[in-house]
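Notes to accompany the following structure.
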Amino acid sequence: MSFKEIYDSQNWEEAKATIYNKTSLDVEKALSAKRRTLEDFKALISPAAAPYLEQMAQLSHQLTQKRFGKTIQLFVPMYLSNECNNICTYCGFSFDNKIKRKTLSADEILREITKIKKSGFNHILLVTGEANHTVHVDYFKNAIEIIKPHFANISIEVQPLDQNEYEELQQSGVYAVLVYQETYHQDKYKEYHPKGKKSNFYYRIETPERIGNAGIHKIGLGVLLGLEDWRTDSFFCALHLDYLQKTYWQTKYSLSFPRIRPAEGIVVPEKTITDRELVQLICAYRLFNEDVEISVSTRESEIFRNNIIKLGVTSMSAESKTNPGGYSVEPESLEQFEISDERSAEQIATLISDNNYEPVWKDWDKSFQ
Amino acid sequence: MDKLIIANKEFQSRLFLGTGKFGSTKLMEQAVLASDSELVTVALKRIDLETDTDALLTHLNHSHINLLPNTSGARNAKEAVFAAQLSREALETNWLKLEIHPDPKYLMPDPIETLKATEELVKLGFIVLPYIHADPVLCKRLEEVGTAAVMPLGSPIGTNKGLRTIDFLEIIIEQSKVPVIVDAGIGAPSDAAKAMELGADAVLVNTAIAVAGNPAEMAKAFKIAVEAGRMGYEAKLGGIKNNASASSPLISFLD
C-alpha cells in the first residue's frame, strides 16, 4: 500500500477531533506504555498532555541519551541558489518576490566551502529553491563533485525529484534528502502553494517513497509549523514516518521543526506554536520513536537552543546563512528567512560541551557510499 | 586467572570498551583507563583520517590500548570490506570489529552479509571479530571461514536489557572453538559478571558506561564485575539444585 492510500483514508477533521478529545487518562496510559502507538502520540501532543510536560521531558532526555549518548551532531546549511519558480506565500524566495536571484557557480561554491571548512564543519546540507531549468540534477552532481572531497557527509534539501534522479545523486555521494511536506492539509497546501510544480500536493507527499526506493541512507521529514494546526499536522507527519519506517526499514529518518520566520515580502501566518508547545512536540516524537534523529536549526532563539540540547535533539546547525553566497561570495544578498541564533560554530560547540555533551563534527565516512 | 588469547594475542583484561556516546572525549579516556581495558572499538565513521589530531584517537593514545576499528554504518558486505581496507591502511591494524546492520532502527546484524564479509576479510588477512545475533549455527559457520572470535549480542544494542539471549549464549559458549565475546545489551556490572560466569571469554560494554552518571566509576565497576565473574567461572560454580535430595532413593535396590 502506498502512503497516498493511507493518507486518503484519513480525515483531517476527525483526526483533529481525536487529538483534542484526548484526556489525562489517555496521556497517563501513553506515558506508561512500553511501546507507544500513534494513538499514544496523539495523546502526547494533545492539550491534555500540557500538565505532564516535565515528565515527558525527563523521559525524552533518558531515551535520547540511551540511544544517541551524550552527543550532538553539528552541520551547516549552504544555499546554492535562491532561484525559484514556485509561489509559496510564506517564503522569501517565492517567485513573485522581486529579489535578486543567484545560483552559485563552481568557483563560488569552492569559495563558500573554503570559508565553511574553517569553522570545523564536516557535515553539510545543500539547499536550493526550485528552478528546474538551471538548478537540476546535473547542477547538483557538479556541485557535489566539488564539495565531496571536503565533507564527510552531504545532505540535500532541494525540489522533489524523480526516483532515477535520486538514484543518480545517491551514486554521486548524497547521504540524506530532506523534504518537508509543509502542511498535510490538502486544501491549505493549495492556498499556500498556488503556482509552480510545488502546487502538486501528491507529488510532494509521495517524494519520501521515491527517496526510499532510490536507496538514500536518510530521509528528513517535517512540517512548516505555523501553516495549519500543528498538532494535526504533526500527527500526519508521524503517520508518514511510521509508514516509511515500516516500508523502507533500511533507511534512517530525521525530523525538523521549522517554525515560520519573518522574511522579505511575506505575511507570516497566524497559527503559531509556542516554545512550550514545541518542546511538547519534540518530546512527544521522542517518546513515540526512540531512534528518529531530531534536528534544531538556527531559526530558533539562543535561549531555546541553549535549553533544548538535553530534551531529545540529536543534531544542530550553527553559523547558518540562508542566502546563496552568504558565507563569503555575497554576504548581503537576500536571505530565505531571518536567522535567530547568530552565534558562531565554535560558540555552539562550547555551548554543547558546557552541557556535558560532546559536539560531534564527523559521524559518517565517504567509504560507505 | 587464565589469560585471554585472540588470534595469538594475549589480553590481561577481559573487558572491551566502546568509545561512542560519551559526553566528552576526556570522559571517554578516563573511563577507558579506569576499566584497564586493552581493546577498545572505534567507529571508522567517527574518525577524521585526514588530520593527525583526531580527538578520539588522541585520547586513546596509550601504549596498553589496542584499537579495534569497527565498520558501523556499513549496510552490506561490500561496504564493510571497503571500509575495513580503509581503516587498515589508516590505523595500521588488521584487527576489525565487523558490524553490518542494514536496519538503522534496532541495528540488527545481517547474518548473511556478515558471513560473506568475514570470509572475504579473512582471506585479505584481517583478524575479524564479527558482531552477530546469538545464533549458534552462524557461530559455527563463522568458525569455518576463519573468524578470530564471535561477538553475539546479549540483547538489542544500546538497550541495557542484559542477557536476554542467555539460552543461546550458553549453546554458543559450549560449542565454540574461538573466543566468545558478549557484545551489546550489557546494562549493568551484574550482567557482565553473569556473562563471564557462563563462560564467555570477554564482554564488550559501551552504553552502560558512556551514559552513566560517572563513567569512570562505572568502568571500574565493570572491571571488577568481569574479574569476579571470570574468577567464579574458573573456580567452577556449584550446580543449581531444584529439589532437595530424595530421602528414599529409588535405586537403592541395585546396591
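The values are calculated or read from the model by the stated rules, or taken from the named source; none is laboratory data. Note that this is a predicted model, so its numbers are computed, not measured. For neighbour counting, all protein chains shown are included, and Cβ atoms are generated from backbone atoms with ideal geometry for every residue, glycine included. Calculation scope for accessible area: heavy atoms of the full protein, side chains included, ligands and nucleic acids excluded. Shrake-Rupley method; radii C 1.70, N 1.55, O 1.52, S 1.80 Å.
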By residue number, the members of segment A:325-369 that are open to solvent by 40 Å² or more (accessible area, probe 1.4 Å), in a helix (DSSP H, G or I) and within 11 Å of chain B (Cβ to nearest Cβ) are A:353, A:354, A:366
Consider only pairs whose beta carbons are under 8 Å apart and that are at least six residues apart or on different chains; among these, list those whose first residue lies in segment B:63-86 and is part of a strand (DSSP E or B) and whose second residue is basic (Lys, Arg) and open to solvent by less than 20 Å² (accessible area, probe 1.4 Å). B:68/B:97; B:69/B:97; B:70/B:97
Residue B:68: under 17 Å from the mean Cα position of the chain (by Cα), within 26 Å of residue B:135 (Cα to Cα), open to solvent by 30 Å² or more (accessible area, probe 1.4 Å) and not β-branched (Val, Ile, Thr), yes or no? no
Need a quick list: strands (runs of 3 or more DSSP E) entirely within segment A:236-322 having at least 3 residues that are free of Cβ contacts under 8 Å to residues at least 40 places away in the same chain. none
Of all residues in segment B:6-38, which are within 12 Å of chain A (Cβ to nearest Cβ) and aromatic (Phe, Trp, Tyr)? B:22
Test set (1) modelled with pLDDT of 95 or more; (2) surrounded by 18 or more Cβ atoms within 10 Å (Cβ to Cβ); (3) β-branched (Val, Ile, Thr) - residue B:207 fails condition number: (1)
Considering only residues that are away from chain B (no Cβ under 12 Å) and among the acidic types (Asp, Glu), look in segment A:229-256 and name the one that is most open to solvent (accessible area, probe 1.4 Å). A:229
Inside segment A:193-218, can you point out the residues that are in contact (Cβ under 8 Å) with a residue 60 or more places away in the chain, assigned to a helix (DSSP H, G or I) and either in contact with an Asp or Glu (Cβ under 7 Å, 6 or more places away or on another chain) or more than 30 Å from residue B:72 (Cα to Cα) (or both)? A:197, A:198, A:199, A:202, A:205
Given the condition β-branched (Val, Ile, Thr) and free of Cβ contacts under 8 Å to residues at least 40 places away in the same chain, answer yes or no: does some residue in segment B:1-20 qualify? no
I'd like to check something: does segment B:79-99 contain any residue that is away from chain A (no Cβ under 14 Å), modelled with pLDDT under 90 and more than 16 Å from the chain's Cα centre (by Cα)? yes
The helices (runs of 4 or more DSSP H) lying entirely within segment B:125-242 that contain at least 1 residues which are closer than 18 Å to residue B:114 by Cβ are B:136-144, B:166-175
Which residues, taken from segment B:100-124, are part of a helix (DSSP H, G or I) and touching a Phe, Trp or Tyr at 6+ places or on another chain (Cβ under 8 Å)? B:114
Residue among A:284, A:318 that alone is open to solvent by less than 40 Å² (accessible area, probe 1.4 Å) and farther than 19 Å from residue A:116 by Cβ: A:284
